[in-house]
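Since the structure comes first, as structure tokens, the remarks are kept for the end.
What follows draws every value from the coordinates through simple rules; no lab data is involved. Quantities reported herein were computed from a predicted structural model and do not represent experimental measurements. Neighbour counts are summed over all protein chains in view; Cβ atoms, including those assigned to glycine, are modelled from backbone coordinates with ideal geometry.
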Amino acid sequence: MRQEWFKADSVDPDAFGFDWPAEADDMDEEHLDPRVALTFSPWKDTNFTARFGIVHRYPTSPEYFWWYLNKSTNFFNTDFSSEKALQYELSCEQSQLFGFLDFFARGYYYDIKDYIASTFVPGTGSVYYNIGEVEIKGVEIGVSADLPYNLQAWTNLTWQEGKKDDDPWDTNNELTNQLSDFPETMFNMGLDYVHGEKFSARLWLNHVDFKGKELKDLDAYTLLNALASYQVWKTQHCKWDLFLTAENFLDEDYEEKEGYPMPGATVIGGVRVVF
């Protein structure tokens, strides 16, 4: 059982940086979110699990700010609420298949009320609002294999579909009831290497496909990423690691949301201290 309290105060007009007829308003919500899971193990290393949960998602600071800024324009978003999702999941997990394979399969269905969505309005900017009803269903399958020389190969594939109803921005359902900018197919595969307790590395590929959209069409993209970590010092109370990550190091040009280009090749190095 999870009890949540969420409050977003009125935004100071000075925060806008210019005069704007925003009306004073706030959000004040509280919710009790239960979650339950039942697992059945008919054989060794085999688990079947059923899950149900109620989950709320509250607007982030940018989402709340843009809603507040454009609330007075009276497009359709004078009211703003948190998302409420009823989540249903069924999964199967099998470890040590043939002595070296791990496998899982998961199906999920989410029934979401007041889904937080956004669009861009020329001359106004980002407009955030609630879609009355959204249904998301999908299947995820994953396999990992222990290989010689401290290597592990893994892959997972997700197919999902998002449908909407009562969208005040798309009242004619020009998107054939589909969520815009919603990935339909996601595929990951990678190779991990671990040497003792000090060195670990990962190379992985990430592919996302937005096919199926009619009004908004985002191109599929494929990213190649890598990371490495080396432990330089460890005591009873802390450890120090050097790490290096390279994301999208082939410099793929892509968007996760229409009109917002994502970063190109990004390399980050540093020291991580864990106490």
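See the values below:
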read-out	value
Largest-first principal axis extents, alpha carbons of region 30-139, Å	61, 29, 21
Local electrostatic count, ASN188, Cβ distance below 13 Å [Lys/Arg +1, Asp/Glu -1]	-2
Calculated from backbone phi, Karplus (6.51, -1.76, 1.60) coupling profile of region 2-19 in Hz, x at Gly/Pro	10, 9, 10, 10, 10, 9, 10, 7, 4, 8, 5, x, 5, 5, 6, x, 7, 5
Tensor-based shape of region 94-138 (alpha-carbon gyration tensor, a/c under 1.5 rounded, otherwise prolate or oblate)	prolate
Extended-chain gain in nm, criterion 0.36 nm per residue less alpha-carbon gap, GLN3 and LYS163	54.7 nm
Between helix 61-70 and the chain: long-axis angle, C-alpha atoms, 0 to 90°, nearest 10	20
Residue exposure sequence - LEU223, LEU151 - by fewest surrounding Cβ within 10 Å	LEU151, LEU223
Sorted by Cβ neighbour density within 10 Å, fewest at the top, the residues ILE136, ILE141	ILE141, ILE136
Relative contact order [Cα under 8 Å, 6+ residues apart], the chain, whole percent	9
Packing-based ranking, highest mean first, of 200-210, 95-105 given that Cβ atoms within 10 Å are counted	200-210, 95-105
Relative contact order of region 135-206, defined on C-alpha pairs under 8 angstrom at six or more residues apart (%)	30
Sequence of LYS44, LYS239 once ranked by neighbouring C-beta atoms within 10 Å, starting from the fewest	LYS44, LYS239
Mean separation of Cα contacts under 8 Å, 6 or more apart, over the residue count of region 143-275: relative contact order %	17
